[in-house]
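The values are calculated or read from the model by the stated rules, or taken from the named source; none is laboratory data. This one's a predicted model, so the numbers in the text were calculated from it and none came from an experiment. Cβ placement follows ideal geometry from the backbone for every residue including glycine, while neighbour counts extend to all protein chains displayed.
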Amino acid sequence: MEDPLVGANALKEVLPDLPKCEQLTDLFELFSEKSDRFAVLVIRMDNFDRTLKHLGEDVTSVLLVRLARIIHGLSKTHSTKWGRLDQERFACFCPDVDEEAAVQLANEIQRRLALVGEETVSVGLAVYPFWPFEKMTILDNAQKAMDHAAFFGPNTVTSFDAVSLNIRADKLYQYGDIDGAIEEFKRALAVDPQNVNVHNSLGVCYGVQGKLDMAVDAFETAIHLDPEDVMATYNLGLAHLKQGDRKKALDLFLQSHSLDGHNPEVAYQIALCYREEDQTDKALEYLEKAVQNPHKGAHMFRALGECYLEKEMLPQAAKAYENAIKRKPTDAKSLSALGHIYGTVGENLEIAVVLCRESTRIDPNNGLYRCRLGKVYRQSKDYENALKQFKMAKELGEDCDD
């Protein structure tokens, strides 16, 4: 069977006994069992995919062989065991090597590669002993350090630490593996229990799972470590809001806003709390601040439109809803409200019909949207469609008998 790895045949010609993939992993486990102190280096050719795409497999194979020769040469003088981990990475097992010596070895690989070409490599490394990790985890730790290295750009050397675990946990979170993310965050705290960002991230995971008491504990720990941490204070507010304690949540949001007055989400949450207390003027104050931020979202403009509409400031409300729709064309609530405003002022009736009709297409079971569509149909003298929408709205529980 043909080897699917790029450059496999070229490497086999110069290093026929080079272990790879599962074989290499098994060897590393065997080596680690016999060693009380060691380091593992994972070496990745930078921009591998781009090189393969633009220069082709033959040239990429030559570059891989060049790197392999350098690693092989150093293995003779440093007593390392090494092989090909996957498509673009090699790995070295280095017995009786501490972190400082491992970094020096990684730098030497980079230096020798620079002498023979323009290609670069990044290196992630991990060492044993490293509490609380067992020997069998060190190769995986080195791979996490490699993910960490990607944040620093090409030609870098990165040692495994709590940040490496934080980065892996963030990836798992993005993939929807919340349980896996929590375990990685816990490991990160075992390495660095004072890491505010990790405590905050752990709290976010607990919040997603609905474990609000545990989320509150995590956020409070983060704030205890750094009372000026904006996100931990804000997230603690969100947790209390989910628990139904709006007053406590508002206090925390205001505290977060005092730490960073430029965060639009904080201003948005403050505004929502004030709206719940029927303090529309205060809500407007914070929403108008929120939408001045360049990262403002459709939901902020929609909330702003709702406040303006509540105060019967129709031109301002229309502008806010228009901005919301620009950012999210499928926002049924904004589409319906803007169509309603156009109908109320008696302008742009054709556009009002289009907007209201689109809102019912997106959310066909919303009685308010049906009623509004019926009203603009009636204004357009399309009585047949108006009656049809009013009947549907009433079936959906909307009071439109008038």
- Message: Quick check on my filter: what residues within the stretch 350-372 are acidic (D, E) and assigned to a loop (DSSP other than H, G, I, E, B)?
- Response: D363
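Of the residues that sit in the stretch 373-402 and are acidic (D, E) and assigned to a helix (DSSP H, G or I), which one is surrounded by the most Cβ atoms within 10 Å (Cβ to Cβ)? Let's see the steps before the verdict.
Let us first name the residues in the stretch 373-402 that are acidic (D, E), namely 382, 384, 395, 398-399, 401-402.
From what's left, assigned to a helix (DSSP H, G or I): 384, 395.
On the way: E384: 7, E395: 11.
Result: E395.
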- Message: Just checking: which of the strands (runs of 3 or more DSSP E) contained wholly in the stretch 1-110 hold 3 or more residues that are under 17 Å from N141 (Cβ atoms), modelled with pLDDT of 95 or more and out of contact with any Ser or Thr (no Cβ under 7 Å at 6 or more places or on another chain)?
- Response: 38-45, 89-95
- Filtering the stretch 64-101 down to residues that are closer than 24 Å to E22 by Cβ and of a type in the set (G, A, S), which residue is surrounded by the most Cβ atoms within 10 Å (Cβ to Cβ)? A91
- Examine the stretch 136-157 for a residue that is more than 14 Å from I43 (Cβ to Cβ), of a type outside the set (S, T, N, Q), outside any helix (DSSP H, G or I) and at pLDDT below 95, and state whether such a residue exists. yes
- Of the conditions (1) closer than 21 Å to Q23 by Cα; (2) surrounded by fewer than 15 Cβ atoms within 10 Å (Cβ to Cβ), V116 fails just one. Which one is it? (1)
- Query: Of all the residues that make up the stretch 47-75, how many are of a type in the set (S, T, Y) and closer than 18 Å to E13 by Cα?
  - Reply: 2
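Report yes if some residue within the stretch 336-349 is of a type in the set (D, E, K, R) and in a helix (DSSP H, G or I); otherwise report no. Give the steps one after another, and end with the answer.
In the first step, residues of the stretch 336-349 are kept if they are of a type in the set (D, E, K, R); the result is 347.
Checking the rest, the ones that are also in a helix (DSSP H, G or I) come to none.
Scanning the stretch 336-349 turns up no residue that is of a type in the set (D, E, K, R) and in a helix (DSSP H, G or I).
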- Task: Taking only the stretch 178-210 into account, find how many residues are over 24 Å from I138 (Cα atoms) and surrounded by fewer than 16 Cβ atoms within 10 Å (Cβ to Cβ).
- Result: 3
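From the set of residues in the stretch 1-36 that are of a type in the set (S, T, N, Q) and more than 21 Å from V121 (Cβ to Cβ), which is surrounded by the most Cβ atoms within 10 Å (Cβ to Cβ)?
Here is the first cut: in the stretch 1-36, the ones of a type in the set (S, T, N, Q) are 9, 23, 25, 32, 35.
Subsequent filtering for residues that are more than 21 Å from V121 (Cβ to Cβ) retains 9, 23, 32, 35.
Values: N9: 11, Q23: 12, S32: 20, S35: 17.
Filtering first and then ranking leaves S32.
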- Message: Name the single residue that is surrounded by the fewest Cβ atoms within 10 Å (Cβ to Cβ) among those in the stretch 285-335 being in contact with a Gly (Cβ under 8 Å, 6 or more places away or on another chain) and within 21 Å of H262 (Cα to Cα).
- Response: R327
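When the residues of the stretch 167-177 are filtered to those that are in a helix (DSSP H, G or I) and not β-branched (V, I, T), which remaining residue is surrounded by the fewest Cβ atoms within 10 Å (Cβ to Cβ)? Let's see the steps before the verdict.
Here is the first cut: in the stretch 167-177, the residues in a helix (DSSP H, G or I) are 167-174.
Now restrict to residues that are not β-branched (V, I, T): 168-174.
Working: R168: 23, A169: 26, D170: 16, K171: 15, L172: 18, Y173: 19, Q174: 9.
Here the residue is Q174.
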- Query: For the stretch 285-304, what are the residues that are assigned to a loop (DSSP other than H, G, I, E, B) and either of a type in the set (V, I, T) or within 21 Å of L314 (Cβ to Cβ) (or both)?
  - Reply: V291
- Please go through the stretch 123-154 and pick out each residue that is buried (at least 24 other Cβ atoms within 10 Å of the Cβ) and among the polar types (S, T, N, Q). N141
- State whether one or more residues within the stretch 178-190 are within 25 Å of Y268 (Cβ to Cβ) and in a helix (DSSP H, G or I). yes
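Would you confirm, using the coordinates I've provided, whether A39 is within 30 Å of K186 (Cβ to Cβ), crowded, with 19+ Cβ neighbours inside 10 Å and touching a residue at least 24 places away in the same chain (Cβ under 8 Å)? It would help to see each step written out before you state the result.
Values: within 30 Å of K186 (Cβ to Cβ): yes; crowded, with 19+ Cβ neighbours inside 10 Å: yes; touching a residue at least 24 places away in the same chain (Cβ under 8 Å): yes.
The answer is yes for A39.
So which of I325, I270 ends up being under 22 Å from R370 (Cβ atoms) and β-branched (V, I, T)? Full working, then the answer.
Working: I270 fails: under 22 Å from R370 (Cβ atoms).
Result: I325 is the single residue among I325, I270 that is under 22 Å from R370 (Cβ atoms) and β-branched (V, I, T).
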- Query: Before we move on, is K12 among the basic types (K, R), over 26 Å from A114 (Cβ atoms) and touching a Leu at 6+ places or on another chain (Cβ under 9 Å)?
  - Reply: yes
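Identify, from the list V157, V191, V204, the residue that is touching a strand residue (DSSP E or B) at 6+ places or on another chain (Cβ under 7 Å), of a type in the set (A, V, I, L, M) and touching a residue at least 12 places away in the same chain (Cβ under 8 Å). Lay out the reasoning, then the answer.
Values: V191 fails: touching a strand residue (DSSP E or B) at 6+ places or on another chain (Cβ under 7 Å); V204 fails: touching a strand residue (DSSP E or B) at 6+ places or on another chain (Cβ under 7 Å).
Just one listed residue meets the conditions, V157.
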